[in-house]
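This report concerns only the one structure given below.
The values are calculated or read from the model by the stated rules, or taken from the named source; none is laboratory data. Just so you know, these numbers come straight off a predicted model, no measurement behind them. FYI the Cβ positions are ideal-geometry reconstructions off the backbone, even for glycines, and counts take in every protein chain you see.
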Amino acid sequence: MDKQTTLKQDKMKAYKLMLSQKINELLSEAGKTVSEMTNGKETYPDPNDRASLESDRNFELRIRDRERKLILKMQEAIKRIDDGTFGICEVCGGPISEKRLMARPVTTLCIDCKTKQEKDEKLKGE
């Protein structure tokens, strides 16, 4: 049986628009970070100031890396919208609730399958 979403076309367009806008926001922030890090000609004679700057930059880069991964997930969600499988659980094939999709539009699991996955991970100690 071909799995198709039960979401209406206008809802799908709204999710796609929301995801696209968020991707653009994140890419804009990443561009600002790169610009700030490459334009900075700071010279800090004090080792503590240099260490603080390095720590701040490392933190910023970790945030940007997490955002990069989120962008990939959002792009995958847009592909699922385009192919009609958005809102379908990839484990059980059932619908993912709209409430869950609103909270986490990149999700690929319904709440029951996600809960089971988390229990399994906890039992395995992951």
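Report the residue count in the range 74-101 for those that are polar (S, T, N, Q) and more than 14 Å from the chain's Cα centre (by Cα).
Taking the range 74-101 and keeping what is polar (S, T, N, Q), we get 75, 85, 97.
Next, only the ones that are more than 14 Å from the chain's Cα centre (by Cα) stay: 85, 97.
Matching residues across the range 74-101 total 2.
Quick check on my filter: what residues within the range 105-126 are surrounded by fewer than 14 Cβ atoms within 10 Å (Cβ to Cβ) and basic (Lys, Arg)?
Correct list: Lys119, Lys122, Lys124.
I need the helices (runs of 4 or more DSSP H) fully contained in the range 19-126, keeping only those with at least 3 residues that are under 30 Å from Lys8 (Cβ atoms) and of a type in the set (Asp, Glu).
Numbers: elements: 47-83, 98-103, 111-124.
Counting at least 3 such residues, we get 47-83.
Among the residues of the range 77-97, which ones are loosely packed, with under 14 Cβ neighbours inside 10 Å and within 15 Å of Leu19 (Cβ to Cβ)?
Lys79, Asp82, Asp83
Given the conditions (1) within 22 Å of Ile111 (Cα to Cα); (2) in a helix (DSSP H, G or I), report the number of the one that Leu7 does not fulfil.
Failing condition for Leu7: (2).
Restrict the check to the range 14-23 and report whether at least one residue is without any contact (Cβ under 8 Å) to a residue 40 or more places away in the chain, farther than 30 Å from Gln117 by Cα, exposed (fewer than 13 other Cβ atoms within 10 Å of the Cβ) and of a type in the set (A, V, I, L, M).
No: the range 14-23 contains no residue that is without any contact (Cβ under 8 Å) to a residue 40 or more places away in the chain, farther than 30 Å from Gln117 by Cα, exposed (fewer than 13 other Cβ atoms within 10 Å of the Cβ) and of a type in the set (A, V, I, L, M).
Let me confirm something: among Asp10, Asp56, Asp2, Asp46, which residue is of a type in the set (Asp, Glu), modelled with pLDDT under 85 and over 25 Å from Gln117 (Cα atoms)?
The unique qualifying residue is Asp46.
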